[in-house]
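Let me begin by presenting the structure, written as C-alpha cells, before commenting on it.
The values are calculated or read from the model by the stated rules, or taken from the named source; none is laboratory data. Remember, predicted model here, so these are calculated numbers, not experimental data. Cβ placement follows ideal geometry from the backbone for every residue including glycine, while neighbour counts extend to all protein chains displayed. Surface accessibility is based on the protein's heavy atoms, side chains included, excluding ligands, DNA and RNA. Shrake-Rupley method; radii C 1.70, N 1.55, O 1.52, S 1.80 Å.
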Amino acid sequence: MEQSIDTNNKRLRWPLMCVLFLVALVALPTVLKDLSRDDYIHKAYLTGQPMYPVAQAGSGLAKESNPPGMLEAINGMFSFSGMNGEILDEAAQWGAVPWWVAEDIQLNFWRPISAFTHWVDYQLWPDSPAAMHFQNVSWYLFVLFLLALLLKRSAVAVPIIVLTIALYGLDVSHSLAISWIANRNIFVVTSMVLMALMCFHFWRGESRDGRNSIGAIVGFWVFLALALLSAEAGVAILAFVAAYLLILDRGKWIHRTIIGGLVLVVVVVWRLIYRYLGYGAANNGAYVDPLAQPGAFLQNVATNAPTLLFDQMIGVDTYVALMSPETFQLQVIIAWVGLVLFTLLFLPLLRADRDARYWYVASWIAVVPSCAATLSSGRLMFLAGIGLMVVLAKFLHGLIKKSDWLPESKLYRGFAWVFTVIFLLGHVAGNGVGWFLTIQSQLSDRPIMSALQKPAEVEPNPEIAQVFVNTPLQFEMLYVPSIANAHGKNIAKAIHTLAPAWESMRVTRVSDNSIELESLSDIGFPLASSLGISESTKKQHMTYLYKKADGFFIDSDTEFHRGQFFQQGDMGVEVLAVSPEHMPTKIKAIWPYPLSSKKLQWFTWDWESKRYDSWPVLAVGESQVLKGPF
C-alpha cells in the first residue's frame, strides 16, 4: 500500500472534479435518447399497460391502465416470464416468442432496490426518458465518487486515484449500460458494493476499538444486504471480502475465517430465499445457473472470463458475440496468453504492493459471477473491472515515477514502456472513437425497430396476423407490442414465425393450408445456442449476435423429436424430421384456413437488403429456396 502520501481532501478535490466533469461531458448526451428494448417492457409494466395483446381479441393492445402498487412493482418488474409463466403465455399466444420456445423457460430476477428507482421514475416523470437517463448518469457519477472515497480511505496516492477514476469512468464498455435505462441495476449494485467495502475496510483495517467500528460493522451488513437486493451481481462482493481477508487483513486466521463464513452464509440465505420466492433463470440459453448447470457454467468461465478480463485490460470490447466459433476460440487463446503476459508485467508491483495484490486477486474472482451470462460484453465488468483499473493505474504511476518496485532490468523497463505507449494509445483511441459513436447514436434519428424494417406500404392491421417465414432475430419480436403501444402505432393481430434465417432452406406449399420448410444444412435449424451455423464465415457478422440473442428461448440441452406438434394461436407446427443433434431439419406449418386468406400477411427476410419483403404465397406444389446469410 502506498505510504506517506498526502491524500487529504484538498489535493484530491479539484483533480477528481475535473475527471468527473469530463465523464459527465461524454455521458450526458445519453439523456437525448429515447427508451430502448427492455425499457419499453418496463414502461408497460409500471404504467399498467398489457405487454402483449390476446391474439383472438383482434383489437390490439388494450388502452386502459392498471399500474401495480409499489411492492408489486419492485418485486415483479424484472420478471420477464412471469412468476407463474403468465407473461410467457401471453407472449406465446401473440407470437412474441417462437413455437420452439422451451415450455418451462424461466427468467425472473429479484432486484427490488433497483426496481424502486424505476418505480420512482414513473411516479415523478413517467413521460420523460431524459429524466430517467439523467438518473442513470447521476448513479454512474456516484459510483465514481464512491470509488474515489474508497481508494482515499485505503491511503492510495492522489495521482493513482485520479488515474483510476479516469480509466474506469471513461471506459467505453460502460457506455451501453449508461445509455440503457433498464441497465441501471448495475450502477445501483456497484454503489452498494462500494459502500459495503468502505465499511468493511474501516472495520477490518484502521479502526480496532469495537466502539468506533460498530457503525462500520452494522453498515457493512446493511449494504451487503442492499447489494444482493439490487442485482444478482452483488454476489461479487464475496470476491472482494475473500481477497481482503486473505491478503490485507492482519487479524487472527480464526477471526478471518469466521467473518468470511458469515458473509458466505448471508449470500446462501439470500439465494435460498431467492429461489423459494420463485426467482431465477432456467431452461434458457441466455443465462447459466451455476448450481443447476455446473458443467456449462465452468465452460463459460473458461472462455468468457479471460475474454472479459483481457478486453478490460486493453480498453477495447472485442464484441465476441459477433465472432464465428472458430474466431472465438482464437480470441480465447489470445486472451489467456495476454493475461499471462499482463500478470508477468505486473509481477514486480504485485510482489511489492499488498494493496495491488488485493485488487488484482479480487478482480479475477469477481469476474466469475459474470460468466453466468452467455452473451459476454464489457458491461458485465463493472465490479470486476474496478480492481484491474486500480492495478493499471498503480503500474503506470510507478513506471513514470520510477517507484522502488520497478526492476533495474533495461529489458523489463523497455517492454513496460512499449506496453504503456500501446496501452495509452489504445485506450485513448478506442475510448475516444467508442464514445463518439455512442454519442452519435444518441443524436441520430433511427427507426425504433431497425432490425424489423418492413416495406413502408405495409401497415400492421389488428385484424390480420403477420407470418415471418424466416427471421434473423426473433428476440426483437418481444418488444414490438410495448414499443408500438408507447408510440401509438398499430400492431398485428398475431405474429407467426416459422424458422430462423441463419441457414438456407427450401419452402414448399404442400396443400391449401400448409407449408413445409426444409433446412439445406446437415444440422438442420440450429435452434439450440450450443450449435453453430453450417454456412459459416470466420469474419465478424451480425448473424452470430442474432443467434446468441435468440438462444434466450431454449437451452443447449433441448431436443426435438419427429412427430412433435406445437400449437401457437391459429398456427400449428409439426416436426417432420430431426438431425442427429435432435434439431428440426424439416417442419410443416398448418392453419385452419387457406394460406392465401386475407387473415395473413406474409414476409421473408432478405440478407442483401437487410429487411423484410412482402412474400407472395406459393401455389400448391411450388417450392422456393431462401438463402442464408453467407
Quiz item: What is the number of the single condition among (1) surrounded by fewer than 18 Cβ atoms within 10 Å (Cβ to Cβ); (2) assigned to a loop (DSSP other than H, G, I, E, B) that residue 317 does not meet?
Solution: (1)
Self-check item: Scope segment 161-176; condition closer than 24 Å to residue 121 by Cα and either buried (at least 21 other Cβ atoms within 10 Å of the Cβ) or modelled with pLDDT of 90 or more (or both); matching residues
Solution: 174, 175
Quiz item: Which members of segment 131-144 meet the condition of being touching a Leu at 6+ places or on another chain (Cβ under 7 Å) and open to solvent by 10 Å² or more (accessible area, probe 1.4 Å)?
Solution: 141
Practice problem: Could you list all residues from segment 271-292 that are over 20 Å from the mean Cα position of the chain (by Cα), touching a residue at least 40 places away in the same chain (Cβ under 8 Å) and open to solvent by 30 Å² or more (accessible area, probe 1.4 Å)? | Solution: 277
Exercise. Filter segment 93-128 down to residues that are open to solvent by 30 Å² or more (accessible area, probe 1.4 Å) and part of a helix (DSSP H, G or I) and give me whichever is farthest from residue 34 (Cα to Cα).
Key: 93
Quiz item: For segment 466-475, how many residues are assigned to a loop (DSSP other than H, G, I, E, B) and surrounded by 23 or more Cβ atoms within 10 Å (Cβ to Cβ)?
Solution: 1
Exercise. State all residues of segment 355-403 that are touching a strand residue (DSSP E or B) at 6+ places or on another chain (Cβ under 8 Å) and in a loop (DSSP other than H, G, I, E, B); if no residue qualifies, say none.
Key: 374
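Given the structure, is residue 88 within 21 Å of residue 289 (Cα to Cα), modelled with pLDDT under 80 and surrounded by 14 or more Cβ atoms within 10 Å (Cβ to Cβ)?
Yes: the conditions hold for residue 88.
Assess whether residue 362 counts as being open to solvent by less than 10 Å² (accessible area, probe 1.4 Å) and either out of contact with any helix residue (DSSP H, G or I) (no Cβ under 7 Å at 6 or more places or on another chain) or at pLDDT 95 or above (or both). I'd like the intermediate steps shown before the answer.
Numbers: open to solvent by less than 10 Å² (accessible area, probe 1.4 Å): yes; either out of contact with any helix residue (DSSP H, G or I) (no Cβ under 7 Å at 6 or more places or on another chain) or at pLDDT 95 or above (or both): yes.
It is true that residue 362 is open to solvent by less than 10 Å² (accessible area, probe 1.4 Å) and either out of contact with any helix residue (DSSP H, G or I) (no Cβ under 7 Å at 6 or more places or on another chain) or at pLDDT 95 or above (or both).
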Exercise. Considering every residue within segment 244-258, establish whether at least one is modelled with pLDDT under 85 and either in contact with a Leu (Cβ under 8 Å, 6 or more places away or on another chain) or among the polar types (S, T, N, Q) (or both).
Key: no
Quiz item: Restricting the search to segment 542-566, which residues are polar (S, T, N, Q) and without any contact (Cβ under 8 Å) to a residue 40 or more places away in the chain?
Solution: 564
Practice problem: Determine which member of the set 380, 425, 406 is among the aliphatic types (A, V, I, L, M) and under 30 Å from residue 528 (Cβ atoms). | Solution: 380
Quiz item: in a helix (DSSP H, G or I), hydroxyl-bearing (Ser, Thr, Tyr) and open to solvent by 10 Å² or more (accessible area, probe 1.4 Å) - does that describe any residue in segment 177-187?
Solution: no
Quiz item: Is segment 286-298 home to any residue that is in contact with a helix residue (DSSP H, G or I) (Cβ under 7 Å, 6 or more places away or on another chain) and of a type in the set (A, V, I, L, M)?
Solution: yes
Quiz item: Any residue in segment 249-262 that is of a type outside the set (Val, Ile, Thr) and open to solvent by less than 10 Å² (accessible area, probe 1.4 Å)?
Solution: yes
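Do we have residue 227 as touching a Gly at 6+ places or on another chain (Cβ under 7 Å), assigned to a helix (DSSP H, G or I) and either open to solvent by less than 10 Å² (accessible area, probe 1.4 Å) or over 20 Å from residue 361 (Cα atoms) (or both) here? Working first, answer last.
Details: touching a Gly at 6+ places or on another chain (Cβ under 7 Å): yes; assigned to a helix (DSSP H, G or I): yes; either open to solvent by less than 10 Å² (accessible area, probe 1.4 Å) or over 20 Å from residue 361 (Cα atoms) (or both): yes.
Spelling it out, residue 227 is indeed touching a Gly at 6+ places or on another chain (Cβ under 7 Å), assigned to a helix (DSSP H, G or I) and either open to solvent by less than 10 Å² (accessible area, probe 1.4 Å) or over 20 Å from residue 361 (Cα atoms) (or both).
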Quiz item: Looking at segment 476-588, what strands (runs of 3 or more DSSP E) fall wholly within it and have at least 2 residues that are of a type outside the set (D, E, K, R) and crowded, with 20+ Cβ neighbours inside 10 Å?
Solution: 495-500, 505-511, 514-519, 571-578
Quiz item: Can you name every residue in segment 589-620 that is aromatic (Phe, Trp, Tyr), within 31 Å of the chain's Cα centre (by Cα) and outside any loop (DSSP other than H, G, I, E, B)?
Solution: 603, 605, 612
Quiz item: Can you spot a residue in segment 300-314 that is out of contact with any Gly (no Cβ under 6 Å at 6 or more places or on another chain), crowded, with 21+ Cβ neighbours inside 10 Å and not in a helix (DSSP H, G or I)?
Solution: no
Quiz item: Could you list, in sequence order, the residues of segment 26-40 that are of a type in the set (Gly, Ala, Ser) and at pLDDT below 85?
Solution: 36
Quiz item: How many residues does segment 51-84 contain that are at pLDDT 65 or above and open to solvent by 60 Å² or more (accessible area, probe 1.4 Å)?
Solution: 5
Quiz prompt | Residues that are in a loop (DSSP other than H, G, I, E, B) and loosely packed, with under 15 Cβ neighbours inside 10 Å, drawn from segment 621-630 | solution = 621, 622
Quiz item: Of all residues in segment 594-612 being hydroxyl-bearing (Ser, Thr, Tyr) and touching a residue at least 12 places away in the same chain (Cβ under 8 Å), which is farthest from residue 570 (Cα to Cα)?
Solution: 612
